[in-house]
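The block underneath contains the structure these notes are about, expressed in structure tokens.
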Amino acid sequence: MKIVVCVKYVPDATADQQFESDNTVNRVAVAGELSGLDEYAVEQALQLKENAEDPESVTVTALTVGPEDAATAVTKALQMGADDGAQVVDDAIAGSDALATSKVLAAAINKIGDVDIVVCGMASTDGGMGVLPAMLAERLDLPQMTYGSLVQNKGTEFRVKRDGDTATEVIGASGSVVIAVTDQSGEPRIGGFKQIVAAKKKPREVWSLADIGVDAGEVGLSAAWTAVESVEARPPRTAGEIVTDEGGSGAKALADFLASKKFI
Amino acid sequence: MSEVLVLIDHVDGAVKKPTFELLTIAKRLGEPSAVFIGAADKAAGAAEAVAKYGAEKVYTVDDAEIAGFLVAPKAEVLQQLAGQASPAAILISSNIEGKEIAARLAVKLESGLITDAVDVQAGPVTTQSVFAGSYTVQAKVTQGTPIITVKPNAAAPEESAGAGAVEAFAATVSESAKKARITKSEPRVSSGRPELTEAAIIVSGGRGTGGNFEPVDALADSLGAAVGASRAAVDSGWVPHAFQIGQTGKVVSPQLYIAAGISGAIQHRAGMQTSKTIVAVNKDEEAPIFELVDFGVVGDLHSVLPAAAAEITQRKA
Ligand SMILES: Cc1cc2nc3c(=O)[nH]c(=O)nc-3n(C[C@H](O)[C@H](O)[C@H](O)COP(=O)(O)OP(=O)(O)OC[C@H]3O[C@@H](n4cnc5c(N)ncnc54)[C@H](O)[C@@H]3O)c2cc1C
Ligand SMILES: Nc1ncnc2c1ncn2[C@@H]1O[C@H](COP(=O)(O)O)[C@@H](O)[C@H]1O
């Protein structure tokens with residue numbers, strides 16, 4: 001059985017994020033890391049392997065699309081326990097929108113071939129739209145099991161608990177599937193020293209667009225189907241008034257403030 | 001004038017408020033045509049509701065055969081409708097399902113997709129708030145039919161009677177779209193309070209409540225507000241996950257957001273930073289949440305909140 005887990009390289013969540021002069025996100029200036037939410041995807045991929053009848057026969061491949069440095073995301077997944085890694089790197093990819101990124105990911109998954117399960121995170125922490133897993137399911141023509149807070153399977157019968165907008169649902173599907181998991185799905189493991197050493201020896205593939213059969217003209221900023229017209233930094237919030245509660249004064253002051261803003 | 005398709009967001013035929021906002025926006029872009037995918041016997045009621053907000057046409061699609069499958073069939077229905085109507089744009093509510101429908105539709109129609117718009121003007125030109133509200137971005141779809149998901153409160157819904165001409169649409173949904181079955185669905189029990197993403201006022205509680213949400217509930221009810229929570233409160237099992245505000249919870253933008261016993265971690269901020277007015281009650285004057293607030297009270301929420309609730313109730317009386 002083959003499992004592919006899609007991992008994204010994102011700017012450090014605590015760093016300030018910036019735009020470039022061409023209105024794309026600067027993905028180089030800030031130190032990057034594996035998107036925190038994709039660690040949950042790696043965890044579920046590893047659990048699917050461990051719970052398989054014959055775990056030895058299952059491979060978990062960590063796949064990323066991104067700049068050179070995105071190798072960091074794959075490394076982290078390998079340190080957590082993924083078996084091998086694959087990265088699509090190509091100058092032409094810079095500035096790709098979700099539609100193009102999903103095209104590249106789908107092509108890479110087809111290149112890996114005979115993939116049984118694709119696992120994604122719920123959204124990228126760098127302002128992702130949370131739409132990629134649905135796009136992948138569409139492109140790969142596989143059942144979509146997204147926003148999963150619990151993943152269960154018996155062989156190729158899958159059940160995923162989905163925390164939807166107005167209801168909690170159980171989604172069922174069989175055969176090959178695309179699963180996306182939330183941060184409610186189970187805490188990701190932390191790779192130990194041994195795993196970190198072992199990760200260095202794990203096989204990794206690096207592919208260009210040509211290697212996976214995607215035309216460079218179909219991706220990147222110039223091929224994006226949306227265009228940013230303008231970007232404006234929001235003015236910083238002006239410091240508000242802070243009062244210290246003493247014997248009930250805080251509640252009164254709060255009510256006064258709310259009244260001044262016409263909330264009461 | 002070209003049609004603008006608006007997918008109706010509803011629960012058992014009861015149309016949700018953001019749909020009326022979408023119709024209001026649709027009027028800026030063309031002629032609003034609402035799309036109802038649901039039970040046949042609920043279609044007339046829904047059509048009547050959307051006609052009040054300017055729907056000239058209402059396409060109704062009986063979902064008897066597709067209701068049991070996740071997302072994919074709805075994207076197919078919209079694809080087929082778009083093929084027939086050649087709309088100027090397709091507007092969908094920016095919630096989990098709405099974004100996923102839009103995502104699949106964008107692949108099918110080979111059209112650009114913009115999600116989480118907080119405003120849409122003629123063009124259509126969208127406004128989005130990104131990086132936890134630190135930037136405002138204006139964008140346009142440059143290929144195909146613009147598909148735009150719009151966040152709640154992006155426009156004030158304006159009543160204006162539309163013709164509301166009902167047109168049954170017979171979609172043919174492929175077997176391919178019926179691969180992910182919904183085997184069980186438990187509607188979330190309504191709290192009787194406003195829905196988080198639509199609420200004008202939200203009072204949220206965090207770890208500082210120590211598990212006692214009574215003061216939070218009391219203040220919320222005195223203001224007619226929705227109740228939210230930090231992930232710490234959710235992870236502790238004090239409130240359901242549906243209450244969570246933040247990066248991995250709901251992203252809200254109410255007129256007033258009151259954070260009680262919440263430190264203001266970056267992931268929490270990501271979900272509330274664009275609120276108009278922000279208030280915090282926290283016993284630690286160093287708590288980072290105070291950097292954001294318009295008004296803050298350094299104090300114990302267990303005494304400040306009940307007293308404030310009483311004061312507000314009294315002033316309102
Ligand atoms: C991938 C990822 C995703 C995440 N997503 C989210 C998310 O969507 N939403 C979210 O909220 N968090 C999220 N988090 C968690 C986030 O990092 C914080 O851990 C969380 O927001 C902290 O919750 P808190 O403020 O309630 O708790 P704490 O940080 O522990 O703060 C509690 C606050 O309460 C105050 N306090 C204590 N007692 C009282 C009292 N009696 N009266 C008044 N004040 C009191 C304290 O001074 C303190 O400031 C995420 C984290 C990760 C890694
Ligand atoms: N460049 C990428 N490389 C690999 N996986 C990605 C990439 N972008 C998004 N993903 C996957 O898609 C999920 C949702 O991403 P998004 O739609 O960007 O919020 C992420 O959690 C990842 O699992």
Report task. With the condition kept exactly as written, say whether any residue in segment A:183-192 is surrounded by fewer than 24 Cβ atoms within 10 Å (Cβ to Cβ), free of Cβ contacts under 8 Å to residues at least 12 places away in the same chain and under 24 Å from A:ALA73 (Cβ atoms). Result -> yes
Query raised in the report: Of the residues B:GLY206, B:GLY210, which single one is crowded, with 19+ Cβ neighbours inside 10 Å, farther than 18 Å from B:LYS16 by Cβ, more than 14 Å from chain A (Cβ to nearest Cβ) and in contact with a helix residue (DSSP H, G or I) (Cβ under 9 Å, 6 or more places away or on another chain)?
Result: B:GLY206
Query - Criterion (farther than 19 Å from A:ALA167 by Cα and in contact with a His (Cβ under 8 Å, 6 or more places away or on another chain)) met by exactly one of B:ILE262, B:ILE245 - result: B:ILE262
**Report entry** Residue that is in contact with a helix residue (DSSP H, G or I) (Cβ under 9 Å, 6 or more places away or on another chain) and either within 8 Å of another protein chain (Cβ to nearest Cβ) or more than 7 Å from ligand 1 (Cβ to nearest atom) (or both), where the choices are B:GLY228, B:GLY224
**Finding:** B:GLY228
Report summary line: Flagged pairs (Cβ under 8 angstrom, 6 or more apart or on separate chains; first in segment A:108-129, more than 14 Å from chain B (Cβ to nearest Cβ); second near ligand 2 (Cβ under 8 Å from one of its atoms) and assigned to a helix (DSSP H, G or I)) are A:ILE109/A:LEU136; A:VAL119/A:ALA41
Query - Looking only at segment A:64-98, and only at residues there that are open to solvent by less than 10 Å² (accessible area, probe 1.4 Å), in a helix (DSSP H, G or I) and under 23 Å from B:ALA103 (Cβ atoms), the one that is nearest to ligand 1 (Cβ to nearest atom) - result: A:ALA73
Query raised in the report: Among (1) more than 16 Å from ligand 1 (Cβ to nearest atom); (2) not in a loop (DSSP other than H, G, I, E, B), which single condition is A:CYS120 missing?
Result: (1)
Report task. Output the residues belonging to segment B:182-200 that are open to solvent by less than 70 Å² (accessible area, probe 1.4 Å) and facing another protein chain (nearest Cβ under 7 Å). Result -> B:ILE182, B:SER185
**Report entry** helices (runs of 4 or more DSSP H) wholly inside segment A:172-264 containing at least 1 residues that are facing chain B (nearest Cβ under 8 Å)
**Finding:** A:249-260
Query - Filter result (farther than 14 Å from B:LEU256 by Cβ, within 7 Å of another protein chain (Cβ to nearest Cβ) and not hydrophobic (A, V, I, L, M, F, W, C)) within segment B:286-299 - result: B:GLY299
Query raised in the report: B:VAL304 fails exactly one of the following numbered conditions: (1) within 9 Å of chain A (Cβ to nearest Cβ); (2) surrounded by fewer than 22 Cβ atoms within 10 Å (Cβ to Cβ); (3) not acidic (Asp, Glu). What is the number of that condition?
Result: (2)
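What residue, of A:LEU132, A:LEU142, A:LEU136, is more than 9 Å from chain B (Cβ to nearest Cβ) and crowded, with 16+ Cβ neighbours inside 10 Å?
A:LEU136
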Requested in this report: Could you tell me which residue of segment B:269-286 is farthest from ligand 2 (Cβ to nearest atom), considering only residues that are open to solvent by less than 10 Å² (accessible area, probe 1.4 Å) and within 23 Å of B:GLY210 (Cβ to Cβ)?
Outcome: B:VAL281
Query - For A:GLU138: the one exception among (1) more than 16 Å from ligand 1 (Cβ to nearest atom); (2) over 22 Å from B:LYS178 (Cβ atoms) - result: (2)
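Checking the conditions here, which among B:ALA317, B:ALA242, B:ALA287 is at pLDDT below 95 and farther than 16 Å from B:ASP217 by Cα?
After ruling out the rest, the residue left standing is B:ALA317.
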Requested in this report: Report, by residue number, each residue of segment B:131-181 that is within 24 Å of B:LEU81 (Cβ to Cβ), open to solvent by 20 Å² or more (accessible area, probe 1.4 Å) and hydroxyl-bearing (Ser, Thr, Tyr).
Outcome: B:THR142, B:THR145, B:SER160, B:THR172, B:SER174, B:SER176
Query raised in the report: Which condition number in (1) in a strand (DSSP E or B); (2) closer than 26 Å to A:ALA73 by Cα; (3) among the hydroxyl-bearing types (Ser, Thr, Tyr) is the one that A:THR125 fails?
Result: (1)
Report task. Answer yes or no: is there a residue in segment B:27-35 that is among the hydroxyl-bearing types (Ser, Thr, Tyr) and under 21 Å from A:THR226 (Cβ atoms). Result -> no
**Report entry** Criterion (more than 25 Å from A:THR101 (Cα to Cα), of a type in the set (Asp, Glu) and surrounded by 11 or more Cβ atoms within 10 Å (Cβ to Cβ)) met by exactly one of A:GLU218, A:GLU241, A:GLU205, A:GLU229
**Finding:** A:GLU241
Query raised in the report: Of B:GLY206, B:GLY261, B:GLY249, which residue is near ligand 1 (Cβ under 7 Å from one of its atoms) and free of Cβ contacts under 8 Å to residues at least 24 places away in the same chain?
Result: B:GLY249
Query - Yes/no for A:LEU34 being buried (at least 20 other Cβ atoms within 10 Å of the Cβ), at pLDDT below 95 and away from chain B (no Cβ under 14 Å) - result: yes
Query raised in the report: Can you tell me which of B:ALA64, B:ALA46, B:ALA55, B:ALA102 is within 20 Å of B:VAL173 (Cα to Cα) and surrounded by 23 or more Cβ atoms within 10 Å (Cβ to Cβ)?
Result: B:ALA102
Query raised in the report: Does segment B:105-130 hold any residues that are in contact with a helix residue (DSSP H, G or I) (Cβ under 7 Å, 6 or more places away or on another chain), open to solvent by 10 Å² or more (accessible area, probe 1.4 Å), facing another protein chain (nearest Cβ under 7 Å) and within 11 Å of B:ILE148 (Cβ to Cβ), and which are they?
Result: B:LEU113
Query raised in the report: Taking segment A:94-124 as the region of interest, how many residues are more than 15 Å from the chain's Cα centre (by Cα) and at pLDDT below 95?
Result: 3
Report task. May I ask you to say which residue of B:ALA259, B:ALA225 is in contact with a Ser or Thr (Cβ under 7 Å, 6 or more places away or on another chain) and either surrounded by fewer than 23 Cβ atoms within 10 Å (Cβ to Cβ) or modelled with pLDDT of 95 or more (or both)? Result -> B:ALA259
Report task. Say whether the condition of being acidic (Asp, Glu) and at the interface with chain B (Cβ under 10 Å from one of its Cβ atoms) is met by at least one residue in segment A:95-104. Result -> yes
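The values are calculated or read from the model by the stated rules, or taken from the named source; none is laboratory data. Predicted model, so just to flag it, every value in this text is computed and none were measured. We place every Cβ from the backbone using ideal geometry, glycine too, and count neighbours over all the protein chains shown. Calculation scope for accessible area: heavy atoms of the full protein, side chains included, ligands and nucleic acids excluded. Shrake-Rupley method; radii C 1.70, N 1.55, O 1.52, S 1.80 Å.
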